[in-house]
Structure formats: C-alpha cells, structure tokens
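Data first, discussion second: the structure below is written as structure tokens.
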Amino acid sequence: MAAALELDAVDKTFATGVQALAGASFAVQSREFVALLGPSGCGKSTVLRLVAGLDAPSRGAVRVAEASLSYVFQEPTLMPWADVFDNVWLPLRIGGLSRAEARARVATRLDAVGLTGFEHAFPAELSGGMKMRASIARALVTQPSLLLMDEPFGALDEITRGRLNDDLLSWWQANQLTVLFVTHSVLEAVYLSQRVLVMSARPGCVAAEIVIDAPYPRSPAWRTSVHYAQNARAVSEALEAASVDQVR
Amino acid sequence: MSIAARLRDYGLPLAAFVGVIALWEAVVRVNGIAQYILPAPSRVLSTLIENFGSLATAWWFTIKITFGALLLAAVGGVLLAAAFALSRTVERALFPFAIVLQVTPIVAIAPLILIYVDSTTAALLICAWIVAFFPILSNTVIGLRAADPNLRDLFHLYRATPWQRLRLLLVPSALPYFIAGLKISGGLALIGAVVAEFTAGAAGRETGLASRILEASFRTEIPKMYAALVLVSLTGVAIFLVFNVLSRWLLGRWHATERRDLE
Amino acid sequence: MKTIRWLSALMLTAVCSMSVAQTAPLQKVVFATNWKAQAAHGGFYQSLVDGTYRKFGLDVTIVPGGPQVNNRPLLPAGRIDFLMTGNLLHSFDNVKNGVPTIAVAAIFQKDPQSLIAHPGQGYEKFEALKNAPIALIAKDGQFSWWQWLKVQHGFRDEQLKPYNYNLGPFLANKKAVQQGYSVAEPIYVEKQGGFKPVVHLLADHGFSTYSTLIEARVGTVRDKPELVQRFVDASILGWVNYLYGNRKAANALMRKENPEMTEEELEASVALIRAQGVVDSGEALERGIGAMNRARIRDFYDKMVQAGLYNPGEVDLSKVVATQFVNRRVGIDLKERLAAK
C-alpha cells in the first residue's frame, strides 16, 4: 500500500524566527490510525497544518495521497450564529449543495454522532462534548478519506472523553478513514492508535515510534489490563527520552 | 420571564421616572417658581398638547434627518470597513481622515458646511452623518477582523470563494460589533441632527425641533422650549429601544451580549 | 454777615453731600447687549469709560451678546438688571407670555434693520427683493420680522437660508440678499467685497418699531425707580457724548471687547448713525434721546397684527413700555454745549 501521507525531512521556521520542526520524517499508511504524541510546543499542530496545506514547509516535502481530508480543531470551532444543522451543512454548502439536497447526509451524520434532535440547537446551548460531536459530524459529512485531529478531546471531562474515544474508533472503522491524531496524552494515544509517533522537543522531529499491538475493537476493559500498562510505559519512556534531548 | 424580573426590568425605571416628575412638579408649586424660569411638568405637557401641530411637523423633520443620516452612516461605515478589512494599505491611508472627522466638533463644522452646500436639509444630513459615521466604521472594522482564525482556516480548507467567505463567515462574525456601533451611532445621529440645526439654523419649511427650541427661546416661550426638548428626549429613548429590540432579534439566540440565561 | 454764614453753610452742606455722594458705595448694575461691541452700542460704553455711570452712582458691567449668545432669558431670571433689545416685537412677546419685563427707553428712533443686495442686479427697488433666490436671514430675524416681510411684502420661505453672520455666501452670490444693520454691514461689505451694497431699511417700508430699547424687570421699575432713572439718564448722556463729543476712549474700549472691530469701521458707523438719524431724530430732537411715544407703539402693534404676528388685543400695550423715565429733555443742553465747541 502506498503511503497515504508522508513527511520527508521537513523543516519549518516561522516568520517570527521560531523553528518548529527540524528534519521531521514519517509516513502513515492508508486506513491507519496513528497518534502523534509530544510535549507542548514540539510542533505537533504544525505538522497537522502542513499536512492540511494550511502552511508550507521551509524545507523538505509533504506528500498527501489521500483525495479528501477533514480537520478537527482543539476547539469545536462551530459558527456560533448558526444552528447545528447549518454548521454541519457548511462544507457541503460551500461545495454547492443546497439545504434540501444536503438534508439527508447531514441527518445521517448527526445520527452517527448521536446528535439527532439537536439540529436546531445553537452551539451556545450545547455542552462541550456535544459541540465536539457536532464538529466531528461536520468533519465527516464530506466523507473524507483522511481525518486530521488536533487534540480534539483535550478540553473535555474524563467520562465524556472516554465515550468520544470509543465513538471515534467506531467511526474510524465504519468510514474506512486514515486518521492522524495529535495528542499530548500518553494514555489516549495508546488507547486509540495502532502506532504512536513520539516527537522530540522543539525543534521537533519524530524521535521514536511505538507500535501498539492490540486488536480492535478496544474496550474500556483493556484500559485496566497489563498489556495496556506495558504499552503506556514504553510510550512514556520514549516521550521522556525525547523531551530531554533538546540539543540539536 | 418571571413576574419579578419583569417588574425589575420595566417597573423600576418607570417608577423612578414618575418619582422625579412628581418631585419636579411639587418643587415648582411649593416655591411658586415662575413659568418662564422653570415650568412645571403639567405646564410643559399642556403646552406640548396645545402646540402639537407645529411641534409634530418639526419632530418628523428631525426624525427624518436622524434616521436618514444613520442609514447613510451605516452604509458608508460598512462599505468603508469592508475596504479597510480587505486592504491594510487603504486602511492606513484613509484612517487618519476618519479620525479627523470624528474629533472635529460639529458645532464648528456645521456653519461651514452650510456655506458650501446649497440645500439646508442636505447640510444637516451631512452634519449628522459625520457624527454617526465613525463608531460604525471603527466597530465594523474590528468585527470583520474578529472572525475566528480556526474558522478562517476551515473555510480555506473547504476552498470557499471570497464571496462565500464574506457572506458566510465575515458578515456574521462582524454583526455583533456592527450592532454595537449602530447602537452608539443612533443616539449620536440624533444629537448631530439637533446640534447642526442649532448652530447652522434651518430655514422656513425645512425645520426641526432645534429650530422650535430656538424660536421659543427667542420669543421667551420657555414652556415651549421644554416641550420641544421632551420630544427630543422621547426620540432618543425610542432610538435606544428600537436598536435594543433589533439587537435582541438578530443576536438573541447566540451572542453573549444578548443571552438572558446568562444572567 | 448773615449772608456769608448762610452761604458757607450752604457750601458746607454742598461739599458734604458731594463727598457723601462720592463715598457712598456704587450700585452694581449689569447691562446685557444683543451683539458684540459695535458703534450701535457706543453710548453705553461711553458712559462706562468717561465716568458718567459712576457719577450717577452706578457700577455698570456691560455683558456683550454675540452670534451664538442669547442674553434675553437672563433678565426675567434676575441674572441681569437691564437688557438691550432690538425691536418692540420682543417686548410684545414678553407681555403676551406673561414675562414681567418692560421697556423704559428707546435709544434708536429708527430701527437700522435692513436688507442689503449687490448693486446692478435689479435690487435697486425694495419690491424686487422678494424675488431674490436667496435671502440670508439669521435666527432672530427668522422668528420675528421675517414673518412680517412674508405677509406684508410677499417674501417666501423658499428663499430663506440661515445666515450665520458670515458675509461669504452673500459676497459669492450676486443674486443673494441678506440682512444687516444699515449702520454696520454695508461698511463690512465694502471692506471685504470692495463694493457699496444697495441698502433697504425696513423702517422705510412700514417696520416702524423703536430699536435698541432698554428693558428692565417690572419689579425693578416698581421697587427701584430711581435706579432705573439714573441708568436711563446716564445712558442718554452717554449717547450724546458719544455722538457729539470725544468718543476715542469709548471706541478703544469697544475695540478691546471686540478685537475684530477697527477704529475706521467704528467711525464710519457713527457717521452713518448720524446721517441716517437713527438715534437723534424725530421726537428725540425735542424730548431727548430715548424718547417714546405710546401712539407710535400702538400703530406699530396694529401693523404687526395686520401681518398676522399677533391677534388683536392679545398684548396689553400698557404693559409694554414705561414712559416716565424718558421724554424729559435729558441731554439736550449737553448737546448744545458740545455743538458750540
């Protein structure tokens, strides 16, 4: 299988002089669920933005083979003046679909994320978890093949986060997505992904790669197993090592 | 809304207002103050009713100038704000002029404008416009820039056209700021219209409340001055209420400034 | 012996009373005018500056008016003691509205209120003015004699444009007419515009009011008549001295109060005041400056009723003026002495 996306010795320096990435290289295969883990400021979000095309590398190449991608931000990033339906409809609307034409697809997506009945609610009236679900529904309504997620559950409480973790995994499987998931939580990275890419401190590069060898579907019960703990420990140690190594 | 909340919201200001009026009437009566020094509210009211015919025509003229100027200020302010938001160069070039317009006292400009402009009504409109224009411009510029950067990225990712971006992102983002500017400008337009007419004077048929006030002052008809002033105040209150309702209608469900459940 | 004793007693009393008069505190009086200092106010500034007011036991402060200033409400409110008003319409209005003020002297026998126009534009005849496309009239006039011009002489509101005491619009438009004092504006127009304007006095066409009247509160007239008399007399003498005597100091004071005024403008204005008989003409020649005649006031009122400014009987004419302070030939002999010099 050709790589769905690939970073090849990418450097990124911003106009402010900050060098976010130095020699970052990795590949993600089609339909993989890969987590990008690292300390604050290591350039994880920058990697995502480069993949999405919102920014360009200063050196090196970013290759994306997937046809369509969607981006989920840290904040739900919903339009506060529009209701849930209009928010989810937005990408289709920009693409030229009328409200009537998009109705079925939006309804299906909302159902998939569990927001049926909230079509006419406004974001201000929703809880944090529900807003994030709406954001994901919007991301999925275009039926992308690549899903980029930037610490989407960071602001939520543990129970909601747990539920969304499981829901995300089922959406991944159901829609045959490739997912690149940025997080700073070791536990979350281990629970969700097939591979964890550990980034070093700034300027960032991929310092280590840990394969999580556990079958899907993963259940909350697995979280308390020894296997999980071992994986988590391995990833933690890699993260420690990567964070210490700041000399470039 | 609960009864208590309604009482608090409407009852309290009304009670305070009635109280002040009653006090005023009492003070005048008890001290036997002459009507040409401080007329009692009852006198002002009777004068208002007696002269309602001529006062009403003047009132309508002032309202026309106020809302005409406000409309022009809104249109001009939004268009210019859009230009500023699109091009920093344009903004840097024109912003100093906008500031100059804002700080120059209308009392000084009004007679000058009257020299250059033939129609008195046009001159008054221009004066009121100058006063009302800046808050709308400045607030809308901020509003257009206030769009969530993540949403901006999303629109970029979805490959939205500039027109789509304007319609679906920038305009709704700017709306609360524009409304805030409009609320400020509403009152200012009224002040501008009245002050301009005061200093520049209006002529003959095209006269508003300021001319009535002046005329009453020159003819020592003090209760009539007060009656005209009452109408000016009523207009100001009406403008305030209208824009409050407008704001609630447009922003009610979603903007922090209008959400009642946050109280 | 007895004569000498009597004479010295008399002299002693005279000296004592004189010194008493000198050392008795002056009464403070505030007099508000209706414009910035100009020759048309000259007599008052004269008495201020040459000590006449002091001699009459008055410490007078003159408060000028101006384009944006309206001193009129200050009189009934008690903030000033005397007020200069431009015509009888103000007095009629006050009486009609129950405002307790009354006129006690009429310094101008003729109202210098005029309409001026460019020469050679067909405005040489008064009747042509009503067809002027633009008539620049200030707020005060708008609400008073303009109404009379509309009814009596066919002027229309469509012509009216607000006049802001700036000659610019008039000078720029040859077809425009504007208001002015016949003893003032023509001088400024000639200076700024380089031409002599056509001047039409409203007084020549039926606007027969007195002008530059001295108004006082009814209460002052009733309770302090000698104060009123002293102020009126001193003011009349001031006008005699200003018009016929040495007015340099008065002019200097007026120029200080109104820096835009020049000596030549003041002198030119005085010349016009004398030539046009604004102050010292008609009954004033016989009865002294400030003379007032009730019949003439009644006649003027009837004219204004005809013009629709008032309803018949709406104004109690007995309350408009108090004539007891004038018509006493004050200043006549002073004038003769000055003329003899």
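See the values below:
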quantity: Count of the range C:115-150 residues which are charged (D, E, K, R), under 23 Å from C:Q306 (Cα atoms) and more than 9 Å from chain B (Cβ to nearest Cβ); calculated: 3
quantity: Any hit, the range C:212-226, residues being at negative phi, within 14 Å of chain B (Cβ to nearest Cβ), hydrophobic (A, V, I, L, M, F, W, C) and surrounded by fewer than 21 Cβ atoms within 10 Å (Cβ to Cβ); calculated: yes
quantity: Qualifying residue in the range B:138-158 (condition: away from chain C (no Cβ under 14 Å), under 19 Å from B:I99 (Cα atoms), touching a residue at least 40 places away in the same chain (Cβ under 8 Å) and β-branched (V, I, T)); calculated: yes
quantity: Output for the range A:190-225, where each listed residue is in a helix (DSSP H, G or I) and in contact (Cβ under 8 Å) with a residue 24 or more places away in the chain; calculated: A:V190, A:Y191, A:L192, A:P220, A:W222, A:R223
quantity: Search result, residues across the range A:77-111 that are acidic (D, E) and either touching a strand residue (DSSP E or B) at 6+ places or on another chain (Cβ under 8 Å) or within 13 Å of chain B (Cβ to nearest Cβ) (or both); calculated: A:D83, A:D86
quantity: Some residue of the range A:155-167 being more than 14 Å from chain B (Cβ to nearest Cβ) and buried (at least 22 other Cβ atoms within 10 Å of the Cβ); calculated: no
quantity: Checklist (1) surrounded by fewer than 19 Cβ atoms within 10 Å (Cβ to Cβ); (2) over 16 Å from the mean Cα position of the chain (by Cα); (3) not polar (S, T, N, Q) applied to A:I212, failing item; calculated: (1)
quantity: Test: residue in the range B:208-218 that is more than 9 Å from chain C (Cβ to nearest Cβ) and aromatic (F, W, Y); calculated: no
quantity: Residue match in the range B:128-143 (condition: closer than 24 Å to C:I134 by Cβ, touching a Pro at 6+ places or on another chain (Cβ under 6 Å) and assigned to a helix (DSSP H, G or I)); calculated: no
quantity: The listed residue being touching a Ser or Thr at 6+ places or on another chain (Cβ under 9 Å) and within 14 Å of chain C (Cβ to nearest Cβ), out of B:V107, B:V131, B:V117; calculated: B:V107
quantity: Number of the exception - B:L79 against (1) in the same structural domain as B:G192 (by TED's automatic domain parsing); (2) in contact (Cβ under 8 Å) with a residue 12 or more places away in the chain; calculated: (2)
quantity: Residue satisfying condition, being assigned by TED's automatic domain parsing to the domain that holds A:R109, in contact with a helix residue (DSSP H, G or I) (Cβ under 9 Å, 6 or more places away or on another chain) and either over 21 Å from A:L147 (Cβ atoms) or not hydroxyl-bearing (S, T, Y) (or both), within set A:V84, A:V62; calculated: A:V84
quantity: Single condition C:A77 does not satisfy, out of (1) closer than 28 Å to B:A108 by Cα; (2) free of Cβ contacts under 8 Å to residues at least 12 places away in the same chain; (3) within 11 Å of chain B (Cβ to nearest Cβ); calculated: (1)
quantity: Complete set of residues in the range C:79-107 that are within 11 Å of the chain's Cα centre (by Cα) and closer than 30 Å to C:N173 by Cβ; calculated: C:G86, C:N87
quantity: The one condition in (1) within 11 Å of another protein chain (Cβ to nearest Cβ); (2) crowded, with 19+ Cβ neighbours inside 10 Å; (3) in a helix (DSSP H, G or I) that A:P144 fails to fulfil; calculated: (3)
quantity: Breaking point among (1) more than 30 Å from C:V305 (Cα to Cα); (2) within 14 Å of another protein chain (Cβ to nearest Cβ), for C:K191; calculated: (2)
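The values are calculated or read from the model by the stated rules, or taken from the named source; none is laboratory data. All values reported here derive from a predicted model rather than from experimental measurement. Glycine gets a Cβ as well: all are built from the backbone with ideal geometry, and neighbour counts include every protein chain shown.
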